[in-house]
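Novice: Just dropping this structure here.
The values are calculated or read from the model by the stated rules, or taken from the named source; none is laboratory data. Predicted model only: the values in this text are computed from it and were never measured. Here Cβ is always computed from backbone atoms with ideal geometry, including for glycine, and neighbour counts include all displayed protein chains.
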Amino acid sequence: MTRDQRGKWLCQECKSKKPKTSNVNTPVRSLREYDDDATAAAAIESEKNTIPDNITVRRPGRSTGDIGRDELVEAISERVLDSIRLELPSIFSRVLSKELSTIKTDVQELRKSVEFISGAHDDLKLSIDTLIKDNAHLKGANQLLQTTVHDLEGRLNSLEQHLRENNLELHGVPEFRSENLSTVLHQCAQFTGHKLNDGDVVSCVRVAKLNKDSKLPKTIVAKFKSVRSRDEFYSAVYRYNKANPNDKLNTNHLGVAGEKKPIYVCEHLSPFYKTLHAAARKKAKETGYKFVWVRNGRIFVRKDPNSSYIHIKNQESLALIR
């Protein structure tokens, strides 16, 4: 110690006898006034030169109050954590119970919907099975009806053609206001070399045009008393035309002045066979068939003189012309 310090130094007993006063300038108190350890350390370093060697200077540390406060905070934290551990399962249980209850309700509604859809599907499947059976039955009945109708159509066409078996058609005969069709028929027979008796022809009339815009004269339909009488007249016309290919039966032969126009004599066909005959002629022309003819209400085609004939019975038979 310095001389001044030794002069002021007192032992512990003497200090205890001295009245206590504020002692704010002790080394420990002065160190606590610094904010942090670094500042305190710097202050200690700066005071080393002034503090005597016999005085020990301690670094500022935690006080007893701070230690108690930390223990209190730690204790409270433990209590809070224990409370959370105890309450957390019940909280989870309540939340899950509430959410699961909603999910359960939704699942029940979904189950009802699925059951309803399943029931509707079963009903629909039953209805479809019934409709399939009914459709199969109706399909069979429809096929039977189609076969029956096709057969009836064939029989009706045959009957209509049979009713026309005594008839002949004359196409291209000019129309006159005061014409006598029986006379026209006798003139044709006379010119072709056939003897036609008065009783051979039952009726002779003109029929309406299928195409009203056509400029051709109306067709004459002559009904003979028998098929034989009809065939004799028809055969005479056929023989004359074959014998005179350059002067076939025409209007000049009937005494009609003016331009010579051909007169065609053919069998009287029903509307069905007339349409079929036109289709056969068209198909034969497209495929190069040379011969198309009608005999006794039946239609035939032949490609050339050396080939066999084809009987055209219906529209399906046209596929044979190829």
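Novice: Which one is surrounded by the fewest Cβ atoms within 10 Å (Cβ to Cβ), of the residues in the range 252-282 that are of a type in the set (S, T, Y) and either more than 30 Å from S178 (Cβ to Cβ) or out of contact with any strand residue (DSSP E or B) (no Cβ under 8 Å at 6 or more places or on another chain) (or both)?
Specialist: T275
Novice: Still on this structure, please answer the following. Has the range 131-146 got at least one residue that is more than 30 Å from K313 (Cα to Cα) and of a type in the set (V, I, T)?
Specialist: So far as the range 131-146 goes, yes, one or more of its residues are more than 30 Å from K313 (Cα to Cα) and of a type in the set (V, I, T).
Novice: Within the range 186-198, does at least one residue satisfy the condition of being without any contact (Cβ under 8 Å) to a residue 12 or more places away in the chain and in a loop (DSSP other than H, G, I, E, B)?
Specialist: yes
Novice: Kindly indicate which of I117, I67, I103, I76 is in a helix (DSSP H, G or I) and either at pLDDT 90 or above or touching a Phe, Trp or Tyr at 6+ places or on another chain (Cβ under 6 Å) (or both).
Specialist: I117
Novice: Further question: Among the candidates N252, N246, which residue alone is more than 29 Å from L163 (Cα to Cα), in contact with a Gly (Cβ under 9 Å, 6 or more places away or on another chain) and free of Cβ contacts under 8 Å to residues at least 24 places away in the same chain? It would help to see each step written out before you state the result.
Specialist: Details: N246 fails: in contact with a Gly (Cβ under 9 Å, 6 or more places away or on another chain).
Answer to the check: N252.
Novice: Please tell me if R206 is in a loop (DSSP other than H, G, I, E, B) and basic (K, R).
Specialist: So R206 fails the test.
Novice: Picking from V237, V256, which residue would you name as being β-branched (V, I, T), farther than 28 Å from Q315 by Cβ and assigned to a helix (DSSP H, G or I)? Break it down stepwise before answering.
Specialist: On the way: V256 fails: assigned to a helix (DSSP H, G or I).
The match here is V237.
Novice: Output the residue which, of all residues in the range 165-179 that are in a loop (DSSP other than H, G, I, E, B), surrounded by fewer than 17 Cβ atoms within 10 Å (Cβ to Cβ) and of a type outside the set (S, T, Y), is farthest from the chain's Cα centre (by Cα). Lay out the reasoning, then the answer.
Specialist: Of the range 165-179, the ones in a loop (DSSP other than H, G, I, E, B) are 165-166, 172-179.
Narrowing further to those that are surrounded by fewer than 17 Cβ atoms within 10 Å (Cβ to Cβ): 165, 172, 174-179.
This time we only want the ones that are of a type outside the set (S, T, Y), so: 165, 172, 174-177, 179.
Values: E165: 54, G172: 56, P174: 60, E175: 60, F176: 63, R177: 64, E179: 66 Å.
Across the range 165-179, the extreme among qualifying residues is E179.
Novice: Next question, about the same structure. Within the range 204-228, count every residue that is without any contact (Cβ under 8 Å) to a residue 40 or more places away in the chain, closer than 20 Å to A189 by Cα and touching a helix residue (DSSP H, G or I) at 6+ places or on another chain (Cβ under 9 Å).
Specialist: Within the range 204-228, residues that are without any contact (Cβ under 8 Å) to a residue 40 or more places away in the chain, closer than 20 Å to A189 by Cα and touching a helix residue (DSSP H, G or I) at 6+ places or on another chain (Cβ under 9 Å) number 3.
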